[in-house]
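Notes follow once the structure below has been shown.
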Amino acid sequence: DNERPEIGSGTRTKAIMETYGLTFKKSLGQNFLTDLNVLKKIVTAADVTADDDVIEIGPGIGALTEQLAKNAHQVLALEIDERLIPVLGETLADYANITVLHGDILQTQLSALIQEHFDGQHAVKIVANLPYYITTPIVLHLLDEEADFESITVMMQKEVAQRLTASPGNKDYGSLTIGVAYSTDSEIAFTVPKTVFVPSPKVDSAIVSMKKRRQEKYHPQNEVNFKRLVRGSFMHKRKSLWNNLLGLYGKDENIKNKLTSALNSSQIEPGIRAERLSVADFVKLSDSLEEQKLVPKSK
Ligand code: SAM
């Protein structure tokens, strides 16, 4: 009925939880948003319009899903918690443009999902209030694949948002930052106090927007080895780049000589820490290492 308050209003959240006898599963990162202003601001930050298809990760009881459906062409919501599937069927019954799927995003191939459910005529945007216990794996999973989507706009814990958008030299800068900066332009859209969730998490949150570049900005000769180099360079954060490189490529005299040449030709000081290197520095170094025919260990 039209008199019902929207799902993200606190009273409705409480009513839904009671009606279905639901409890919050901490193990699944269930902190539901109960602030319509914040929900609407997320939709605006994601720039969701009738020209867009949206994938939502973790709809919960449907608070964000409802707001997305009001603006988008189609919404596909993927929820891991089986208990919520029939609940979503009822809370979102008024919207013909929503499909709810039961599944784990980390086990789901994004490109297949897009092909199967969308018509290919609309831009695909990913929007979510992420489960915080797996924020990093989810972001890396989304970026790892060559799936055809335009942007990712997601809520995460504020500290992780700062790591994701940090600049070289900043204490928060790391392999996650580089993983994101490699293929997207990212920024913190706005921050959100912990009080707008039930239950309230221990930390404040932020919405991060990551826009995929249409034209690739970085072109390492060997992308797999480039990614291994980045990960390996941050393996021991307190060690110098040089020591991390020895761990990654080996310690033989011959290897040390080649490493020195590669560092020289990319004009990088071996004694610095990886956190000082930009994405472009890593690309240069990776290409110089390729020229020396040095192959990083896979772990
Ligand atoms: N979107 C709702 C909101 O904003 O109120 C709920 C957000 S809650 C922070 C995270 C949601 O993600 C929960 O519903 C949880 O069950 C779901 N979830 C957790 N792990 C998941 C996974 N691996 N794949 C899909 N959904 C997951």
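The values are calculated or read from the model by the stated rules, or taken from the named source; none is laboratory data. All values reported here derive from a predicted model rather than from experimental measurement. Glycine also receives a Cβ, built like all others from the backbone with ideal geometry; neighbour counts cover every protein chain displayed. SASA here: full protein model, heavy atoms, side chains in, ligands and nucleic acids out. Shrake-Rupley method; radii C 1.70, N 1.55, O 1.52, S 1.80 Å.
Results, tabulated for the structure shown:
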{"quantity": "Top-ranked residue in region 68-82 [being within 9 Å of the ligand (Cβ to nearest atom) and in contact (Cβ under 8 Å) with a residue 40 or more places away in the chain; ranked as most open to solvent (accessible area, probe 1.4 Å)]", "calculated": "ILE80"}
{"quantity": "Odd one out for VAL48, checked against (1) open to solvent by less than 60 Å² (accessible area, probe 1.4 Å); (2) farther than 28 Å from LYS211 by Cβ; (3) touching a residue at least 60 places away in the same chain (Cβ under 8 Å); (4) more than 10 Å from the ligand (Cβ to nearest atom)", "calculated": "(2)"}
{"quantity": "Residue check, HIS219 within 20 Å of ASN170 (Cβ to Cβ) and not in a helix (DSSP H, G or I)", "calculated": "no"}
{"quantity": "Qualifying residue in region 4-16 (condition: near the ligand (Cβ under 8 Å from one of its atoms) and open to solvent by 10 Å² or more (accessible area, probe 1.4 Å))", "calculated": "no"}
{"quantity": "Any pair with Cβ under 6 angstrom, 6 or more apart, that starts in region 26-41 at a residue that is within 10 Å of the ligand (Cβ to nearest atom) and ends at one that is open to solvent by 40 Å² or more (accessible area, probe 1.4 Å) and in a strand (DSSP E or B)", "calculated": "PHE32/VAL198; THR34/VAL198"}
{"quantity": "Options ALA96, ALA166: the member that is free of Cβ contacts under 8 Å to residues at least 24 places away in the same chain, farther than 22 Å from GLN74 by Cα and hydrophobic (A, V, I, L, M, F, W, C)", "calculated": "ALA166"}
{"quantity": "Residue list for region 249-280, restricted to those being assigned to a helix (DSSP H, G or I), within 14 Å of LEU229 (Cα to Cα), open to solvent by 10 Å² or more (accessible area, probe 1.4 Å) and in contact with a Pro (Cβ under 8 Å, 6 or more places away or on another chain)", "calculated": "TYR249, GLU275"}
